[in-house]
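Okay, so here's the structure we're looking at.
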Amino acid sequence: MQNYKINITAFLVLVQLISFNGFAQTLATVGNDTISVKEFKTRFELTPKSNSKYEIDSIKIDFLYTMIAEKLWAFEGKKYGFQNNPFVQNSILDIEKKLLRDKLYKKKIEKKINISRKEIDSDLKKIHKKLILNFLFDKNKISISKLYNRLKAGANFDSLLLERKEFSKQKNGIPIVFGDMNKKLEDKVYSLKPGMFTKPIPIDNGWTIYYLKNIEYVKSIPKFKGKSDDKIVHDVIFDRKASVLYHKYYAKHISNKVVNVDKKLFSKLFTVIRNLFEQRGKKLFNNKNSKYSINYSAAMQIKSGFTDKNLKSEFIKFKESPISLKQFIYDVAINGFTIPKVDSIEIRRKLSSRVKKFILDELLAREAVKSISVNSRDIRKEVKMWEDSFIASYYRKTFLDSIKVDNSEIQKFYLKVKSQIPDSIKNQHDLINDKIKSGIYFQKLKEFYNDKTVELAQDYGFSINRKLLNSIKVSQVEMLVYRYLGFGGSITAVPYLHPFYEWKNLRLKKFNSRIKD
């Protein structure tokens, strides 16, 4: 259930491969920090590559230089105190809490689940059967019992169904495959033969009688595409057992907790968010998912709509360490806020849901702290990896506005293009100029980043064990890999690294440096 969004078997092999003692060896030293074989191999194999057409040894060295650059920028960012930036601080805290919840899930839920071969074999017979069902429904137990008695007396199910309003929802029957229902109900309907029906079954809002219309045999189930039959059954059984354990854990540790929210601040926050969507709706529309989303910039605009006093006020009133409005807004900046349409009712509903989720996540994180050490070596090491990524990324972004492109540069390049391909740019002066300006800007930014990284390399120093690097066997993925976390949510399996290695060639030219073996 809680794994990476790629072939699970392949990932389990990866975990085994990176567990032996040799992976604690130091591959590179950067300043007073190190990059171990394990860290390199994990990040390499869980990060998609844009240069996969090159030789693997070349790709490995480029990736290692990208990791080194990240550490160099993180060092410099820490020197200027970017670890204390509110967004960076909250991003690190957010990751720490997610990892803690995931550890809690593994300890309290995952480790308690055992699945026997007998259980798997029992459900394997269902895997290729698609049941076509009909049902009779009534809120009243007496009414459904009367329908059941008529069926037992020989009444035709289809004739009874035609008389009822639920018929319109199931004219062609309802297809059911393995895993669609809870275990108890699934066993009942899969035990039927065509033309048979169940006894009245209680559901949330009434009673139902299921009727098996037909059985279709299928080779595979689309939602389980790529999994073996054994794996499908195992995962469904796991999810069902995990759900039972979760509800027991929730009832014991979470359900009795009462956490209030400041109603006035909630109302004010709703108004500010609504106004933001109404004023900037088009800019906040995401074409990829056809939804409206609050990004970091928009979240900071929300923050600016409150006084310092409001921002420091208790918004979510935990008895210990209450959450301020400012903290909640930063959570929105980090984890997002999305609505399908700009509508007051939808915005209020989403905000209420978002607050409830925050409270639940926070309660689980606080429960985790009671039984899991925040300072455990594996958590601290993983948090540090994300911390370096956040600081390096945020520090680099501070230079975006420092790169200037003047009109003379644009005009010079424009005249060059015009002299070479005059017909293709006719009547497109403004459009071409915008593209030229953008191109020059990003080229200058790239050159600045390369020069700055070379400077940092000289300031902090680094060395690479080339022989060890050459000995590391790696595989590659061609897609972004996600890690699904216990108790919900997901993060990228490792912090994403955008390829950044050209500075190594500039460094060699400037300082005639060599890689230390």
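No value in this document is a laboratory result; all are computed from the given coordinates. These figures come from a predicted structure and were not determined experimentally. Positions of Cβ are backbone-derived with ideal geometry, glycine not excepted, and every protein chain shown enters the neighbour counts.
Table for the structure above
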| quantity | calculated |
| --- | --- |
| Length released on extending from Lys139 to Lys397, taking residue separation times 0.36 nm less the Cα-Cα span | 87.0 nm |
| Average Cα contact separation per residue, segment 129-218, under 8 Å, 6 or more apart, as relative contact order % | 52 |
| Whole-Å semi-axes of the ellipsoid equivalent to the chain (Cα gyration tensor, √5λ, descending) | 51, 31, 27 |
| Value of Rg to Rh for segment 352-476 (Rh from inverse mean 1/r over Cα pairs, i.e. Kirkwood) | 1.20 |
| Radius of gyration, Dmax [segment 245-356; alpha carbons; angstrom] | 15.3, 45 |
| Karplus (6.51, -1.76, 1.60) ³J(HN,Hα), θ = phi - 60°, over segment 399-411, in Hz, Gly and Pro reported as x | 9, 4, 7, 7, 8, 10, 10, 8, 4, 5, 5, 5, 5 |
| Cross-link pairs beyond the 25 Å C-alpha cut-off, checked among Lys41/Lys504; Lys169/Lys219; Lys129/Lys169; Lys303/Lys404 | Lys169/Lys219; Lys303/Lys404 |
| Segment 461-477 - phi-based ³J(HN,Hα) in whole Hz, Karplus 6.51/-1.76/1.60, Gly and Pro as x | x, 7, 9, 10, 7, 5, 4, 5, 4, 5, 7, 6, 8, 10, 10, 10, 10 |
| For segment 129-218: rounded, prolate or oblate by the Cα gyration tensor [a/c cutoff 1.5] | prolate |
| Electrostatic dipole magnitude of the chain [Cβ: Lys, Arg +1; Asp, Glu -1; Cα centre; debye, to 20] | 1400 |
| Among Leu400, Ile432, Ser371 - extreme Cα towards positive end, dipole of segment 368-443, charges at beta-carbon | Ser371 |
| Relative contact order computed over the chain (Cα-Cα under 8 Å; 6+ residues apart), in percent | 30 |
| Subset of Lys98/Lys227; Lys118/Lys139; Lys317/Lys397; Lys71/Lys437; Lys125/Lys183; Lys97/Lys252 violating a 26 Å alpha-carbon distance limit | Lys98/Lys227; Lys118/Lys139; Lys317/Lys397; Lys71/Lys437 |
| At most 10 other Cβ within 10 Å, DSSP loop - GluC sites (Glu not before Pro), segment 163-268 | Glu163 |
| Neighbour-count ranking [beta-carbon atoms within 10 angstrom, fewest first] of Arg101, Arg348 | Arg348, Arg101 |
| Amide H contacts under 5 Å for Phe337, placed H, 5+ residues apart | Ile294 |
| Packing-based exposure ordering (other Cβ within 10 Å, fewest first) of Glu382, Glu39 | Glu382, Glu39 |
| Linear extension gain, Ser50 paired with Ser471, 0.36 nm per residue minus alpha-carbon span | 149.3 nm |
| Dipole of the chain, positive direction: furthest Cα of Ile201, Ser490, Val258, with charges on the beta-carbon | Ile201 |
| Peptides 41-50, 302-311, 279-288 ordered by average Cβ neighbours within 10 Å, highest first | 41-50, 302-311, 279-288 |
| Rounded tilt (10° steps) of 56-79 against the dominant C-alpha axis of the chain | 80 |
| Backbone HN-Hα couplings from phi across segment 170-178 [Karplus 6.51/-1.76/1.60, Hz, Gly and Pro as x] | 8, 4, 9, x, 10, x, 10, 10, 3 |
